[in-house]
Amino acid sequence: MIDINRANVLGLDEADPNAADDKIVKELHLPKGRKVIFKMRSQDVLHSAYMPHFRAQMNCVPGMITEFSFTPTVTTEEMRLRPEIIEHVKRTNEIRAERAANDEPNSDPWEFDYVLLCNKICGKSHYNMQMKIIVEEEEDYQEWLSTQKSFAESVQPQQ
Amino acid sequence: MSATANAHAEDHAHDHEHHHKETFITKYIFSQDHKMIAKQYLITGLIMGFVGIAMSLLFRMQLAWPGREFPIFEAVLGKWAPGGVMDADIYLALVTIHGTIMVFFVLTAGLSGTFSNLLIPLQIGARDMASGFLNMVSYWLFFLSSVIMVISLFVEAGPAAAGWTIYPPLSALPMAQPGSGMGMTLWLVSMTIFIASSLLGSLNYIVTVINLRTKGMSMTRLPLTIWAFFVTAIIGVISFPVLLSAGLLLLMDRSFGTSFFLSDIFIQGEVLHYQGGSPVLYEHLFWFLGHPEVYIVLLPALGITSEVMSTNARKPIFGYRAMVASIIAIAFLSTIVWGHHMFISGMNPFLGSVFTFTTLLIAIPSAVKAFNYITTLWKGNLQLNPAMLFSIGLVSTFITGGLTGIILGDSTLDINVHDTYFVVAHFHLVMGISALYGLFAGVYHWFPKMFEGKMMNKNLGYVHFWVTAICAYGVFFPMHFVGMAGVPRRYYENTAFPMFDQLTDVQIVMTVFALIAGAAQLVFVYNFISSIFYGKKGPQNPWGSNTLEWTAPQKHIHGNWEGEIPHVYRWAYDYSKTYENGEYIIEGQDFVPQNTPIQPDEEELNH
Ligand code: HEM
Ligand SMILES: [Cu+2]
Ligand SMILES: [Cu+2]
């Protein structure tokens, strides 16, 4: 059961040994050059995990598991060095600088990142449902992974 | 059956002078006369269209200037726009009701209801619909459903806001969204009544076309308008009940604790008891109607275009039988392609490839139609009146929108653009704008038939057409690129993603075009209303048309024709037909009405 006080934000079953090594994250790290299989579920309403840079999308459906897979081939760092991305970022930051000058919101400078966004109407916050995706080299990925706590480690003991 | 009905109708006509004491109520309100019912459908549809388009302008303003204060928002949205800033919930509600109103109330009832009612009896040579009473009931159910839909805008927690497709669980759970409370209940009640109305209307159209054709009016002499209305009615009868079943099951999930569409739900800190249902089932049921629905919207517009183009090109329609065959093929195929809306719903990818196959098949009859329209225009003596311009506009938007359909119909290509603005651009052009043009073409063309010979002002018609045509592309053409850049639909604002910042200017361009397009519709409204009262009276057959409605007197009489119903001797498209020596069949006249017998030296062509 979801128990925010005990940091069980997804409502995993503590008795399930398969849940013990799950890692609950706020951003997705993917290793470059390895096929990634996404298994998707939803606990409330329909959502759709849309990753426009990867041309990937799959609905998340309560009551069933859907899946999608792809192999990321360009790391976030490599992406940021591409001329068209540099150009896009430059143009965007000009717009943002102008906003900053006019004291308007949404004016922080931007750095390119892959995103996952929700693409199935899901309620009031639909327009703001997103997650950062970071594609990195295998060793960086492993390093990141080793810093993440497993569910068994992160969940607070019963009081 | 048909003989008795005709005989009865004829008796009726003979003594019609004597027993016709119509009161205001039986003549204008609870009328059973198809011509009056057609006008009722049209005016109700136009009023709903006004509401629907106004909503789109409001949310387009929010998209162009996200979070900006507009006094107009506060004026019309009240507590939903505190300080003039639109609330995210009401944004979704506006989109939802806009979609629902435009698709069902304007382009299903307002378009097909108006012209099926007006033209079926008049063009096939019948005194009225098979059942005037059911026809009246059909209109009043439509009216009632419109009223309920409008009332739902005023409920405390707001109207339905789950998108016009109202996918559960969002639409099923009041705690998921305020609009899923009373607002959604009223949406479902309204649509249930709407479906009943549509079924009564469609059954009536089908029976009338089958049974009440005048002597000589074989199926292969029917004008293409009638073919289109007839087949549209059949698809309506096949697919609307499936939407009704989806709606009823949803109502049961909402109110009686069943789990048809719901399973394993945890929401707002609470575990719900639903077990074993599937939202994907709802998607199947919805789209089993939803896809045919786009043809229910479009086919009547295509039928109107065939008629208007042939008349105003002063040429026979090119490929009459191919046109009929493609209407039937489209109708059949439209019932087996619904899965293309669900490629990423989690359905089996193999099934996706099957739906890709059937979907791409529809391109064939659609292309046949587009080709035949262009060939009909080819070397025609084009009379570019407003009805003709809107018909040509329809062919243009139908092709533009149809081409992107080939992309969306491919299950792999769709992954990347599904539910983005690319889709919004596609369906607005191929069905929304195309069908709207068909509606306008019909109004300009048959206005004299509806309002006893009065004509609409041509110059205002030209202004209406050109501004609308330019602005419609101005709104929806750039939208393709916004979609390909990854912008999802049903987003209240795009500011949460810096990667979309560079599209802000395009958003403003689209909104400005939309506002101008909306203003252009006021020209139409003015023209429509002032012509009803002050329009110049034209000749009985103002466009030199062959179909039977122009043989009926301008003044509306119960039973349509004084005396006998005209008999039919030829198809509806003998325009510019000549004898072998090059003389017109009727001297000095480039058209031969359907009730003209074949002349002695005339060759009857096999169409
Ligand atoms: C002035 C003309 C119109 C404008 C500016 C307009 C604009 C829009 C926009 C921008 C959306 C997408 C909103 C979003 O996803 O956030 C939308 C949705 C929609 N529009 Fe229109 N529209 C117009 C006319 C029409 C017409 C003639 C139809 C008839 C078919 C139509 C049917 C729909 C439908 C079905 C939706 C989808 C609603 C949903 O997502 O639930 N619109 N419109
Ligand atoms: Cu969402
Ligand atoms: Cu479809």
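The values are calculated or read from the model by the stated rules, or taken from the named source; none is laboratory data. Bear in mind that the values here come from a model prediction, so they are computed numbers and not experimental data. Positions of Cβ are backbone-derived with ideal geometry, glycine not excepted, and every protein chain shown enters the neighbour counts. We work out accessible area using only protein heavy atoms, side chains counted, and drop any ligands, DNA or RNA first. Shrake-Rupley method; radii C 1.70, N 1.55, O 1.52, S 1.80 Å.
Filtered by the rule that a residue be open to solvent by less than 20 Å² (accessible area, probe 1.4 Å), within 13 Å of another protein chain (Cβ to nearest Cβ) and not hydroxyl-bearing (Ser, Thr, Tyr), the stretch B:419-442 gives B:Asp419, B:Phe422, B:Val424. Are any of the residues in the stretch B:102-114 assigned to a helix (DSSP H, G or I) and over 23 Å from B:Ser56 (Cα atoms)? The answer is yes, given that some residue of the stretch B:102-114 is assigned to a helix (DSSP H, G or I) and over 23 Å from B:Ser56 (Cα atoms). For the stretch B:89-100, the set of residues classified as within 14 Å of ligand 2 (Cβ to nearest atom), open to solvent by 10 Å² or more (accessible area, probe 1.4 Å) and over 14 Å from B:Val155 (Cα atoms) consists of B:Val95 only.
One residue stands out in the stretch B:555-585 among those that are hydrophobic (A, V, I, L, M, F, W, C) and in contact with a Lys or Arg (Cβ under 9 Å, 6 or more places away or on another chain): the one that is farthest from B:Glu22 (Cα to Cα), namely B:Ile585.
A count restricted to the stretch A:66-78 and to residues that are more than 7 Å from every other protein chain (Cβ to nearest Cβ) and free of Cβ contacts under 8 Å to residues at least 40 places away in the same chain stands at 6.
For B:Phe286, the stated conditions do not hold, so it cannot be described as part of a helix (DSSP H, G or I), within 16 Å of ligand 3 (Cβ to nearest atom), at pLDDT 95 or above and open to solvent by 40 Å² or more (accessible area, probe 1.4 Å). Within the stretch B:245-283, restricting attention to residues that are assigned to a helix (DSSP H, G or I) and open to solvent by 50 Å² or more (accessible area, probe 1.4 Å), the residue that is farthest from B:Gly113 (Cα to Cα) is B:Ser255.
Put simply, of A:Pro105, A:Pro83 the only residue that is away from ligand 1 (no atom under 16 Å from the Cβ), at the interface with chain B (Cβ under 9 Å from one of its Cβ atoms) and exposed (fewer than 12 other Cβ atoms within 10 Å of the Cβ) is A:Pro105. Please work out if B:Ser366 is open to solvent by less than 30 Å² (accessible area, probe 1.4 Å), away from ligand 1 (no atom under 16 Å from the Cβ) and among the small types (Gly, Ala, Ser). Answer is yes for this residue.
Within the bounds of the stretch B:446-460, is there any residue that is open to solvent by 30 Å² or more (accessible area, probe 1.4 Å), free of Cβ contacts under 8 Å to residues at least 24 places away in the same chain and either more than 14 Å from chain A (Cβ to nearest Cβ) or of a type in the set (Ser, Thr, Tyr) (or both)? Yes; the residues of the stretch B:446-460 include at least one that is open to solvent by 30 Å² or more (accessible area, probe 1.4 Å), free of Cβ contacts under 8 Å to residues at least 24 places away in the same chain and either more than 14 Å from chain A (Cβ to nearest Cβ) or of a type in the set (Ser, Thr, Tyr) (or both). If the condition is being assigned to a loop (DSSP other than H, G, I, E, B) and either crowded, with 16+ Cβ neighbours inside 10 Å or in contact with a Leu (Cβ under 7 Å, 6 or more places away or on another chain) (or both), then the stretch B:517-542 contributes B:Gly535, B:Asn541, B:Pro542. Selection within the stretch B:338-363: residues that are away from every other protein chain (no Cβ under 14 Å) and among the β-branched types (Val, Ile, Thr). The member of this set that is most open to solvent (accessible area, probe 1.4 Å) is B:Val354.
Residues in the stretch A:108-133 that are open to solvent by 20 Å² or more (accessible area, probe 1.4 Å) and either of a type in the set (Lys, Arg) or more than 10 Å from chain B (Cβ to nearest Cβ) (or both): A:Leu116, A:Lys124, A:Met131, A:Lys132.
For the residues B:Glu74, B:Glu10, B:Glu22, B:Glu17, the requirement of being out of contact with any helix residue (DSSP H, G or I) (no Cβ under 7 Å at 6 or more places or on another chain), surrounded by 15 or more Cβ atoms within 10 Å (Cβ to Cβ) and modelled with pLDDT under 95 singles out B:Glu10.
With the condition kept exactly as written, say whether any residue in the stretch A:42-65 is more than 9 Å from chain B (Cβ to nearest Cβ), in contact with a strand residue (DSSP E or B) (Cβ under 8 Å, 6 or more places away or on another chain), open to solvent by 40 Å² or more (accessible area, probe 1.4 Å) and free of Cβ contacts under 8 Å to residues at least 40 places away in the same chain. No, that holds for no residue. Of the set (1) open to solvent by less than 60 Å² (accessible area, probe 1.4 Å); (2) over 28 Å from the mean Cα position of the chain (by Cα), all apply to B:Gln507 but (2).
Within the stretch B:579-607, residues that are among the aromatic types (Phe, Trp, Tyr) have Cβ atoms under 6 Å from residues that are open to solvent by 50 Å² or more (accessible area, probe 1.4 Å) and in a loop (DSSP other than H, G, I, E, B) in these pairs: B:Tyr579/B:Asp601, counting only partners at least 6 apart in sequence or on another chain. Here B:Thr376 fits the description: among the hydroxyl-bearing types (Ser, Thr, Tyr) and closer than 30 Å to B:Phe440 by Cα.
Screening the stretch B:101-113 for residues that are surrounded by 24 or more Cβ atoms within 10 Å (Cβ to Cβ) and near ligand 1 (Cβ under 8 Å from one of its atoms) and picking the one that is nearest to B:Val294 (Cα to Cα) gives B:Leu107. For B:Gly277, the criteria (1) modelled with pLDDT of 95 or more; (2) within 14 Å of chain A (Cβ to nearest Cβ) hold in every case but one, which is (1).
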